[in-house]
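What follows is one structure encoded as structure tokens, with my remarks underneath.
The values are calculated or read from the model by the stated rules, or taken from the named source; none is laboratory data. Since the model is a prediction, treat every value here as computed from it, not as a measurement. For neighbour counting, all protein chains shown are included, and Cβ atoms are generated from backbone atoms with ideal geometry for every residue, glycine included.
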Amino acid sequence: MTKRPGKRASERLSPAEPHQSEHAPATERIPVPDIRDLAKRLRFAPQQGRIWLDDQRMLLMHLSSFGSLRQELIESLGKETARGLITRIGYQAGNHDAAMTRKIRAGFKTNDDFLAGPQLVSLEGIVHCEPVALEIDVERGHYYGDFRLIDCSEAEAHIASYGIGNEDVCWMLVGYACGYTSAFMGRPILWREIECRAMGHSHCRVVGKPVEEWDDAENDLRFLQIGDFVKWSPRRQEPAPAENSLIAARISTATENSFGMVGISAGFNTVCHMVKKAAPTEATVLFLGESGVGKEIFANNLHRLSRRSDGPFVAVNCAAIPEHLMESELFGVEKGGYTGATTSRPGRFERADGGTLFLDEIGTLTFTAQGKLLRALQQGEIERVGDIRMRKVDVRLIAATNVNLREAVKAGTFREDLFFRLNVFPIKVPPLRERRDDIPLMMNWFLQRLAKRHGKIITGFRERAVDALFGYDWPGNVRELENMIERAVILAEDGGALDLCHLFTSGEEVDAASFVLKRNGEIIPAAGPIAREPEPRRPNGMPSLEETEAAMLRAAVAEAGGNLSKAARLLGIGRPKLAYRLQKHGIAAEHG
């Protein structure tokens, strides 16, 4: 794979020049950038009892204490469940570190940018990483990494508790690599440990590549819970009760993404846990959360995991039905019940008989409709408009709202008795901005599904597009992400990658480390690119000629918004000469 100029260009790293190492042959070393730009972000404030790594609060912990906690998890929960918990803790940490490195090393070469992750785990005292091979092409979604892990703390903790065994044990570190690389690439990357000190090897070693390139990825994904959120559940110590056997079977046999939900964040998994707890019961469930977070999809999943899954799932958007039609829509109408009612027809309650009725935006119902709904829920019977007899219905109710119903009760716009009837089992679905760990999985899921729907081949996301998607605030949540990627798939060239010009085309304002996209479509620098940690100054304290030239080049490219022709005019040199000097100093810039 050939290197080319431009921001985070496609790169393949091969073994570097001879370099002394006590752990590996000299010919296998790959150069890594100076770690000082990361080390200066680590700050100790002992008087306040705080340790900071950039804007993230850290914790200094005894390795022996971590080992004891790890052992207790294994002994009390079983190895499978403990491994899943520890792996997901690592995934969260890797995802958060990826967000930090995007700020610290914005504008660096792809390999220097990526290698911040392996350097951070060294700075955090987890392990020393030596890259053996690294291939990165973000635009085409290609990744391959091979790292040697020297003196891994997790392996040391495991050996202290259990000695040498026959299985790999660096679960948290593998989870970290998955989270960090998935966030960096904007698609799920799976890592495996192929050598481990806990198995008697001299050091640990991990290999990572996209999920679909592994032959049997499901065995590893069950620990990350990537894919369908009901696909995997912890191994039970005792058989499931007979009445739940159908639900357990449905959970275990669900196909990947069959329910259209992917996630790995703590918030997402909390919602999934609550859904699986409520599904086997007949309890009324109330989903709370902002518009676009996927409340209806969660409700549909709850129905499909319930005893009523063979019955109908009827969804009603209460906000979309006119007030004067609400009663007939919910409860049905008899012929002649009102002017224009020429035939009798059942309402949504009758159509959901034996199944589940989902009332979305329930906070928009009028007081009159609230009263009739309450009677239907309490009595289990409804009366059609214009009818004189009551009809029994067997319906499980699931409701959803983006309104704070407690505040609505205080304001007198929502019935208190109906609120308590609905608030049996509330589930809060967090907004996307609070579960950014899910973004790379969602990006990949939506891209694959929407490209297939529109009959196009899209290779992936440009690096700056990945940065922008992670930096955006997502006021429209998952729905906005899906719509944005669908729009981008339609606009992008067949066989190409999605870029900023395909994504943010409807007036969205993006504030990232290196640019701001204004409402008129103009891209301007949000701040000067974060400069590389300078090399040691000359004895007189003055920067070297190369440092000065590199600083001038960065400033000109930033002023020109990445346009090389404009930057060359600002410097008074030709465009080819500018491109050559940028490549010489390893400065990334967009062609223009």
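Can you find a residue in segment 91-101 that is part of a loop (DSSP other than H, G, I, E, B) and touching a residue at least 60 places away in the same chain (Cβ under 8 Å)?
no
Can you confirm whether segment 290-306 contains a residue that is of a type in the set (S, T, Y) and not in a helix (DSSP H, G or I)? Yes - at least one qualifying residue is present in segment 290-306.
Applying the condition of being exposed (fewer than 15 other Cβ atoms within 10 Å of the Cβ) and over 19 Å from the mean Cα position of the chain (by Cα) to segment 247-279 and asking which residue is modelled with the highest pLDDT yields K277.
Counting only residues that are within 22 Å of H203 (Cα to Cα) and surrounded by fewer than 14 Cβ atoms within 10 Å (Cβ to Cβ), which one in segment 24-61 is modelled with the highest pLDDT? Checking each candidate, the answer is P31.
I'd like the full set of residues that are of a type in the set (S, T, N, Q) and not in a helix (DSSP H, G or I), limited to segment 551-576. Listed by number, the list holds a single entry, N563.
For segment 411-462, the set of residues classified as aromatic (F, W, Y) and either surrounded by fewer than 19 Cβ atoms within 10 Å (Cβ to Cβ) or under 29 Å from the mean Cα position of the chain (by Cα) (or both) consists of F419, F420, F425, W445, F446, F461, listed by residue number. In this entry, N483 is excluded by the filter for residues that are modelled with pLDDT of 85 or more and touching a Pro at 6+ places or on another chain (Cβ under 7 Å).
Tell me yes or no: at least one residue of segment 466-475 is within 30 Å of A279 (Cα to Cα) and part of a helix (DSSP H, G or I). Looking through segment 466-475, none of the residues is within 30 Å of A279 (Cα to Cα) and part of a helix (DSSP H, G or I). Residues of segment 159-192 that are free of Cβ contacts under 8 Å to residues at least 40 places away in the same chain and assigned to a strand (DSSP E or B): L190, R192.
Of all residues assigned to segment 113-124, at least one qualifies as being surrounded by 22 or more Cβ atoms within 10 Å (Cβ to Cβ), over 22 Å from C204 (Cα atoms) and not assigned by TED's automatic domain parsing to the domain that holds D494.
Scanning segment 137-146 for residues that are crowded, with 21+ Cβ neighbours inside 10 Å and touching a Leu at 6+ places or on another chain (Cβ under 8 Å) yields a single hit, G145. Only one entry in E139, E135, E156 is in contact (Cβ under 8 Å) with a residue 60 or more places away in the chain, among the charged types (D, E, K, R) and part of a strand (DSSP E or B), namely E135. Scanning segment 415-436 for residues that are touching a residue at least 40 places away in the same chain (Cβ under 8 Å), in a helix (DSSP H, G or I) and among the hydrophobic types (A, V, I, L, M, F, W, C) gives L418, L422, L432. In segment 272-300, the residues that are in the same structural domain as N483 (by TED's automatic domain parsing) form no Cβ pair under 9 Å with any partner that is modelled with pLDDT of 95 or more and surrounded by fewer than 17 Cβ atoms within 10 Å (Cβ to Cβ), whether six or more places apart or across chains. If I ask for residues that are surrounded by fewer than 19 Cβ atoms within 10 Å (Cβ to Cβ), touching a residue at least 12 places away in the same chain (Cβ under 8 Å) and not small (G, A, S), which ones from segment 196-208 would you list? Across segment 196-208, the qualifying residues are M199, H203, V207. Against the criterion of being surrounded by 13 or more Cβ atoms within 10 Å (Cβ to Cβ), touching a His at 6+ places or on another chain (Cβ under 7 Å) and at pLDDT below 80, A526 does not qualify. Checked against (1) farther than 23 Å from E212 by Cα; (2) assigned to a helix (DSSP H, G or I), E493 passes all but a single condition, namely (2).
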